[in-house]
Amino acid sequence: MSGPPPRLSTPARTAFALALAAYLASDAWLSWRTSVLEPYSDMFAWMDRWFRWQADHDLWAFLWAPHNFHHLVITLAVLALDIRAFGGQGYLFLAVGVASLAATGAMLAAWGAAGAGRGLRLLGGGVAGAIGLMGCHVLDATDNITGTYVHALAFAVAAILLAEGPRVTVLRRGGALACAVLSGLGSAAGLAVWPALLFGAWRRRDWRWAAMVLAAGGLFSLVYIVGDRAPVGPGGGSPGAGLGDAVLLILNYLGLPWMRAAPGLGWLMGLAVLIVSLAALVAGGRRGADWPQRAAGPAIVFSLMTALMAGAGRSGLIAPELTPMRYAVFMVPLQAGLWVLALPWLSRLAVRRPRTADGLAVAAAALLILHQGAMALFAVRTGDGNLAFIADYRAGRDTPQVRQLIAPDLAQARALSARMRALGLFQRELRADPKP
């Protein structure tokens with residue numbers, strides 16, 4: 001582009017910068033306000049594993065045996081290190097989860113800034129980073145049983161950006177393959193990064209890289225699936241679930257996180273996202289485009305693949321209109337990718353109509369504050385609800401809500417809790433129990 005680069009006015013930049021600072025401050029506050037350190041739900045299965053490991057010393061079984069079809073190597077390694085090095089109080093779970101989400105936000109911000117170019121880096125990077133750091137996503141980072149999602153997300157984003165970055169080097173490609181493997185070791189949803197990388201290689205007609213991705217991804221996926229022949233705990237979709245339910249679940253998934261505000265319209269939101277995403281894959285980031293736009297395609301494919309996996313694996317177990325908010329983190333790459341694809345248009349607008357671009361920046365600042373406020377309210381209420389049920393369980397109460405959140409077999413959970421209490425494991429919270 002000839003001539004001076006597009007640039008926002010000082011008032012517009014200041015307004016956006018202040019809104020972004022408030023946004024990040026709210027994330028820091030939510031990291032404390034929504035934290036849950038005591039064990040519940042899946043954590044009891046992981047602790048049962050840990051006790052068995054202490055008895056049989058089979059480290060491979062401890063780390064690799066599947067849990068609901070996932071090989072949670074990262075989570076279980078964090079659990080073991082938390083107990084061995086930090087006294088088993090959940091602080092390492094919290095630190096790793098928050099660090100994973102923060103790293104994701106930083107990578108997205110750098111990607112968005114690169115896509116915006118000179119003059120619009122603050123806006124491009126700020127919105128991209130904010131997409132990854134929504135208040136609802138902080139919940140996944142601050143709860144010991146949902147950290148698996150942000151572990152997988154962080155490594156998937158890293159793999160895509162390394163593979164599609166400005167310079168193609170052996171080191172970057174090796175790093176992309178390593179991060180793709182680690183994403184799968186965070187959660188089975190991380191396996192979606194392999195078709196995403198393959199799409200990027202196909203779009204660039206880079207057949208050597210495509211062969212490397214196929215070989216590495218095929219081998220890793222085969223090992224992963226072979227290890228899933230004897231799953232631990234319930235998982236997978238219901239055999240009787242219909243195709244219609246699977247499609248509705250996929251569409252509601254694509255509408256996250258906003259579909260939770262209007263569950264009845266979730267499928268419509270998801271359909272709109274699907275249409276826009278498919279159009280973006282066809283028209284955007286073609287061969288010869290700058291690397292930020294090229295990276296958008298694989299990012300969109302990753303999120304679409306996780307939606308398909310959820311439809312195949314959870315249909316019949318989850319009502320489509322109740323698609324869990326915790327899955328929303330896997331929509332982050334798609335949402336950030338669409339934003340990056342829109343940045344060249346915004347750049348042209350800023351050159352032709354600078355006042356309009358300023359107005360959009362101020363509107364974006366206001367939207368950041370309002371949106372984060374709503375997400376923070378959801379996060380606080382959800383976090384307080386979880387901690388309240390944990391407090392009920394701790395007090396010995398037996399209610400349907402406690403059985404649903406803590407464990408269906410409360411007798412087994414209480415036996416594990418007694419063993420943990422005797423060892424002083426996971427007995428504290430960073431905040432007081434919420435008031436009834």
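Spin-label model, Ala366 to Leu171: label points 7 Å out along the Cα-to-beta-carbon direction sit 4.7 nm apart. Our estimate of slack between Trp32 and Val351, defined as 0.36 nm per intervening residue step minus the Cα-Cα distance, is 110.6 nm. Could you list the trypsin sites (Lys or Arg not before Pro) in segment 357-436 that lie in coil according to DSSP, counting only those with at most 13 other Cβ atoms within 10 Å of their Cβ? Qualifying residues, ordered by number: Arg397, Arg428.
For segment 37-109, the carbon plus sulfur part of the accessible surface works out to 69%, probe radius 1.4 Å. Centre-to-centre, using Cα atoms only, segment 172-211 and segment 36-108 are separated by 25 Å. Relative to the longest principal axis of the Cα atoms of the chain, the long axis of helix 10-33 makes an angle of roughly 10 degrees. Each Lys or Arg adds one and each Asp or Glu takes one away; over the other residues whose Cβ falls under 14 Å from the Cβ of Gly174, this sums to +4. At full extension, Val223 and Arg421 could sit 67.6 nm farther apart than now, given 0.36 nm per residue minus the alpha carbon distance.
Ignoring ligands, DNA and RNA, what percent of the 1.4 Å accessible area of segment 363-429 is carbon and sulfur?
Here it works out to 61 percent.
When all protein chains stay in place and ligands, DNA and RNA are ignored, the 1.4 Å accessible-area order of Val402, Val168, largest first, is Val168, Val402. The amide H of Ile318, built 1.01 Å from its N in the peptide plane, has no neighbour under 5 Å, considering only residues 5 or more places off or on other chains.
Evaluated at q = 0.15 Å⁻¹, a Debye calculation over the C-alpha positions of segment 291-436 (equal weights, vacuum) places log10 I(q)/I(0) at -1.02. A protection proxy built from the mean count of other Cβ atoms within 10 Å ranks the segments 48-60, 140-152, most packed first, as 140-152, 48-60. Multiplying the residue separation of Ala22 and Ala61 by 0.36 nm and removing their Cα-Cα distance gives an extension gain of 9.6 nm.
Mean sequence separation of contacting Cα pairs (under 8 Å, at least six apart), scaled by the length of the chain, corresponds to a relative contact order of 25 percent. Each peptide in 74-85, 34-45 gets a packing score, the mean of other Cβ atoms within 10 Å over its residues, and the list from highest to lowest is 34-45, 74-85. Legend: P(r) of segment 278-326 from all alpha carbon pair distances, 10 Å bins from 0, whole percents, reading 23, 38, 23, 15, 1.
Using a 7 Å offset from Cα along Cα-Cβ at Ala283, what residues in segment 324-362 end up with backbone N under 15 Å from the label point? Those under the cut-off are 338-346.
Note on Phe389: accessible area is roughly 70 Å² with a 1.4 Å probe, heavy atoms of protein only. Near Asp358, once Lys and Arg are set to +1 and Asp and Glu to -1 for all other residues with Cβ below 11 Å from its Cβ, the sum equals +4. Spin-label model, Asp433 to Ala215: label points 7 Å out along the Cα-to-beta-carbon direction sit 5.8 nm apart.
Pairwise Cα distances in segment 363-436 exceed 19 Å in 50 percent of cases. Using C-alpha pairs under 8 Å with a sequence gap of at least 6, the mean separation divided by the residue count of segment 8-159 gives a relative contact order of 30 percent. Taken as Cα centroids, segment 260-299 and segment 360-375 sit 21 Å apart, rounded to the nearest whole angstrom. Kirkwood Rh over alpha-carbon pairs of segment 1-142, then Stokes-Einstein at 4 °C and 1.567 mPa s: what D in µm² s⁻¹, rounded to an integer? Estimated via Stokes-Einstein, D reaches 73 µm²/s. Per residue, the chain exposes an accessible area of 44 Å² to a 1.4 Å probe, with every protein chain left in place.
Of Ala415, Val362, Val78, which is farthest on the positive side of the dipole of the chain, counting Cα position, with +1 on Lys and Arg Cβ, -1 on Asp and Glu Cβ, and the Cα centre as origin? Checking the options against the dipole of the chain, the answer is Val362. Placing a pseudo-label 7 Å from each Cα along the Cα-to-Cβ vector at Asp48 and Leu377 gives an inter-label distance of 4.0 nm. Charged neighbours of Ala163, selected by a Cβ distance under 12 Å, balance to +4 (K, R count +1; D, E count -1). Under the criterion of Cα pairs below 8 Å and six or more residues apart, the relative contact order for segment 162-217 equals 26 percent.
The values are calculated or read from the model by the stated rules, or taken from the named source; none is laboratory data. Owing to the predicted nature of the structure, the values given are computational and were not obtained by experimental measurement. Every residue, glycine as well, gets a Cβ built from its backbone with ideal geometry; the counts of neighbours run over all protein chains shown. All accessible areas refer to the heavy atoms of the entire protein, side chains included, with ligands and DNA or RNA removed. Shrake-Rupley method; radii C 1.70, N 1.55, O 1.52, S 1.80 Å.
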